[in-house]
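Comments concern the structure below.
Here, each number is a calculation from the coordinates, and none is a lab measurement. This structure is a prediction, so every number in the text was calculated from the model and none was measured. Neighbour counts run over all protein chains shown; Cβ positions are idealised from the backbone, glycine included.
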Amino acid sequence: MHISRRSAALVLGAGLLASLPALADEAPRYNQISLRAEVSREVPRDLMLVTLYSEEQNADPAKLAAQVTEAMNKALGKAREAKEVNVSQGSRNSYPIYDDKGQKITGWRERAELRLESADFPALSTLTGQLLQDLKMGGMTFTLSPKTRTASEDALLKDAVAAFKARAQLATEALGGKGYKVVSMNLNSSGYQQPFPRAAMMMKSAMADAAPTPEVEAGTSQVSMNADGTIEVQMP
């Protein structure tokens, strides 16, 4: 029994000694400053997105579904001929139409969407003009392709780190320090995609009587890279 207790005491003492370096590492650090630096640039949008739709109304839901399906199949067949354009079907919904009292169903309305995406603006503009003879314009937006966004963020990364270092040096000099070391740093990107609904309205108006290729202006998106971190100023 005495040997077991002594062994336990030795083990406990060794454990306390082993934990001393860890406790020393967790000692509070002083002269730490949190900083933030941001860099950004305007990047031309290179991806065009168009949403078209077919919407019909009929008292017979079966005939209504057939009408919408026929219109969408025709549009899909035409859209698939444009190899530069990615085609996908969006949402499709039907809902009842009630009388003035809101009690009796008098008919049904159904809507189906067709989504088009391409980096070839002229090709998509031409296709959109052709499809607007049978479909309606749901919306048009311009954005950055994933490849362009990644390349833009990579180009900004070095600038963000350089901006952080410059701000860290200014903070060190303001405190009268002789130098600094980076304790932590996080890099985060952000971008803003702004739709151009006016372009969609112009296209819809232009397609009212004919199907010319409309002029479009994609604009730019601001891509930003933020460097957030903490430095420890080394005092003389």
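Here the contact order of the range 40-195, divided by its residue count and restricted to Cα pairs under 8 Å and six or more residues apart, works out to 31 percent. When the range 61-165 is described by a simple charge dipole with +1 on each Lys and Arg Cβ and -1 on each Asp and Glu Cβ, the residue from Ile105, Val85, Ala65 located farthest towards its positive end is Ile105.
In summary, the lysines within cross-link reach of Lys74, defined as a Cα separation below 23 angstrom excluding same-chain residues under 8 places away, comprise Lys63, Lys83, Lys136, Lys204. Of all aspartates and glutamates in the structure, those lying under 16 Å Cα to Cα from Lys104, and not within fewer than 8 positions of it along the same chain, are Asp60.
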